[in-house]
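Visitor: The structure under discussion is supplied below as structure tokens; questions concerning it will follow.
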Amino acid sequence: MTESRDTGAPGGRKDPFWNSVASFGLDDIFVLPEWISGLKGDKTASVTSGNIPLEQAALVSRVGDCRGCRLCEERNKIVFGGGNPSSGIVFIGEGPGANEDIQGEPFVGRAGKLLDKILAAIDLDRDSIYITNIVKCRPPGNRTPSKDEVAACWWILEEQLRIMKPGVIVTLGAPASRTMTGSSDGIGKLRGTIHRYGDIPVIPTYHPAALLRTDALKRPVWEDMKMLRKLLDELGLPGTGKN
Ligand code: URA
């Protein structure tokens, strides 16, 4: 079950809706649940206001207390993502780990600390990217999410990308890279090349958790990050964050 905390929401609400809004980093926006409550549980409805915080809040409401796959049974919090949704850059990992499940934020554990160093090496930080995962609930024991779990969660990521309209996607590890490229190749084969999700360039690289285990993967990740930096410079990203 999603745990409630005081998010500073209007009227001091303490309920799962506002808790989830906070997990999107939207504590500071004023969105009345009444505006969007009609969308709850409706995966087909969408708001096309072009206002990212408002659309994200509507998506959080639609996800609600999701029971779409077995991952809901042991999860503590749904982890939607974090960072700057207007930056134009979206990193996609595999799924929340134990720390993320407790805190409701992505990449807060050891892999996240390494990711911060990787980002810093190419002049990025958590405020200049948005980061999310292919599944929003923790796979028990940090196992790889199954195909049906990824499929059940796909509509949420698809909506997030429709709302944010990033200029570049970076996928971390095989499950995210396969999901976003539609290929069944291994990450060793997928990385090093720019793929596409629709019109959006996708740069696959190794997951930082793999780097924690295998030093030799640091060099290819550095090559991928140099490729990312070059592409960002060409595209004039990250964005202003003013959307
Ligand atoms: N690993 C992931 O893939 N995602 C997280 O949020 C944390 C660790």
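No value in this document is a laboratory result; all are computed from the given coordinates. All values derive from a computational prediction rather than experimental measurement. Cβ coordinates were reconstructed from backbone atoms using ideal geometry, including for glycine residues, and neighbour counts include every protein chain displayed.
Visitor: What distance in nm lies between label points placed 7 Å from Cα along the C-beta direction at S146 and I194?
Guide: 3.8 nm
Visitor: Express in % the proportion of alpha carbon pairs of the stretch 186-243 at distances exceeding 16 Å.
Guide: Across the stretch 186-243, Cα pairs with separations above 16 Å total 51 percent.
Visitor: For S184 and W154, calculate 0.36 nm times their separation in residues minus their Cα-Cα distance, and state this gained length in nm to one decimal.
Guide: 9.1 nm
Visitor: How fast does the stretch 146-243 diffuse by Stokes-Einstein, in µm²/s, taking the Kirkwood radius from C-alpha pairs at 25 °C and 0.890 mPa s?
Guide: Once the numbers are plugged in, D ends up at 171 µm²/s.
Visitor: For K165 and A98, calculate 0.36 nm times their separation in residues minus their Cα-Cα distance, and state this gained length in nm to one decimal.
Guide: Stretched out fully, the K165 to A98 stretch lengthens by 21.2 nm.
Visitor: Of K147/K226; K165/K189; K136/K218; K117/K218; K117/K165, which sit over 20 Å apart, Cα to Cα?
Guide: Correct reply: K147/K226; K165/K189; K136/K218; K117/K165.
Visitor: Let me test this: with uniform point scatterers at the alpha carbons of the stretch 58-197, what is the Debye-based log₁₀ I(q)/I(0) at q = 0.16, 0.17, 0.19 1/Å?
Guide: -0.82, -0.94, -1.20
Visitor: E73 versus D215, label points 7 Å from Cα toward the beta carbon: distance in nm?
Guide: Reported label-point gap for E73 and D215 is 4.2 nm.
Visitor: Please turn the phi angles of the stretch 142-151 into ³J(HN,Hα) values with the Karplus equation 6.51 cos²θ - 1.76 cosθ + 1.60 (θ = phi - 60°), one per residue in order, whole Hz, x for glycine and proline.
Guide: 6, 5, 5, x, 6, 4, 6, 5, 5, 5
Visitor: Calculate, in nm to one decimal, what D125 and E223 gain on full extension: separation in residues at 0.36 nm each, minus their alpha carbon distance. Each step should come with its number before you reach the end.
Guide: Working: separation 98, 0.36 × 98 = 35.28 nm, distance 1.83 nm.
Extending this stretch completely gives an extra 33.5 nm.
Visitor: Further question: How would V108, V135 line up from fewest to most surrounding beta-carbon atoms within 10 angstrom?
Guide: Exposure proxy ranking, most exposed first: V108, V135.
Visitor: Next question, about the same structure. How would you order 61-72, 155-166, 187-198, 76-87 from highest to lowest mean count of nearby Cβ atoms within 10 Å? All intermediate terms of the calculation are to be shown ahead of the outcome.
Guide: Values: 61-72: 17.9, 155-166: 19.5, 187-198: 15.2, 76-87: 23.2.
In decreasing order of mean packing, 61-72, 155-166, 187-198, 76-87 become 76-87, 155-166, 61-72, 187-198.
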